[in-house]
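Engineer: The structure under discussion is supplied below as structure tokens; questions concerning it will follow.
The values are calculated or read from the model by the stated rules, or taken from the named source; none is laboratory data. Worth saying up front: this structure is predicted, and the values here are computed from it rather than measured. We place every Cβ from the backbone using ideal geometry, glycine too, and count neighbours over all the protein chains shown. Ligands, DNA and RNA are excluded from the accessible area calculation, which covers all protein heavy atoms including side chains. Shrake-Rupley method; radii C 1.70, N 1.55, O 1.52, S 1.80 Å.
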Amino acid sequence: MNPAMNSPSTTHGPRLPLIGEPSEPETVAMFEEVKARTGRLLNLHRVMGYAPRLAKASMEMALQLRTGTLLPRPMIELMILRTAQTVGSDYEW
């Protein structure tokens, strides 16, 4: 069994405070882009707002995994679920 599955970090909230209304232009732009694409900000985005360039690269990678591949959608979701299980992460529905 993966020891990360029993990690106490999966039962606590984020270690960094969530960003509410950002003042930095890069973070404002990133939040607006996320809202335009998805209609809402998740806590993940509010934490990643501390590193907007990294967040942008991560979101582009996630978008390519979801839409820029030849794999069928159910296979992609299965890969995401298996990765979350392997690293002991909660899956966000």
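Engineer: Across segment 39-93, what is the number of residues that are among the aromatic types (F, W, Y) and under 26 Å from S23 (Cβ atoms)? Lay out the reasoning, then the answer.
Structural biologist: Just the residues of segment 39-93 that are among the aromatic types (F, W, Y), to begin with: 50, 91, 93.
This time we only want the ones that are under 26 Å from S23 (Cβ atoms), so: 50.
Total satisfying the criteria: 1.
Engineer: So, one more: Could you say whether any residue in segment 19-37 is free of Cβ contacts under 8 Å to residues at least 40 places away in the same chain, open to solvent by 60 Å² or more (accessible area, probe 1.4 Å) and among the small types (G, A, S)?
Structural biologist: Yes, segment 19-37 has at least one match.
Engineer: Another question about this same structure. Go through (1) part of a helix (DSSP H, G or I); (2) out of contact with any Phe, Trp or Tyr (no Cβ under 6 Å at 6 or more places or on another chain) for A84 and report which single condition fails.
Structural biologist: Answer for A84: the failing condition is (2).
Engineer: Please go through segment 68-93 and pick out each residue that is over 16 Å from the mean Cα position of the chain (by Cα) and either open to solvent by less than 100 Å² (accessible area, probe 1.4 Å) or more than 20 Å from T38 (Cβ to Cβ) (or both). Outline the logic, then answer.
Structural biologist: Filtering segment 68-93 down to residues over 16 Å from the mean Cα position of the chain (by Cα) leaves 68-75, 78, 86.
Those that are over 16 Å from the mean Cα position of the chain (by Cα) and either open to solvent by less than 100 Å² (accessible area, probe 1.4 Å) or more than 20 Å from T38 (Cβ to Cβ) (or both): G68, T69, L70, L71, P72, P74, M75, L78, T86.
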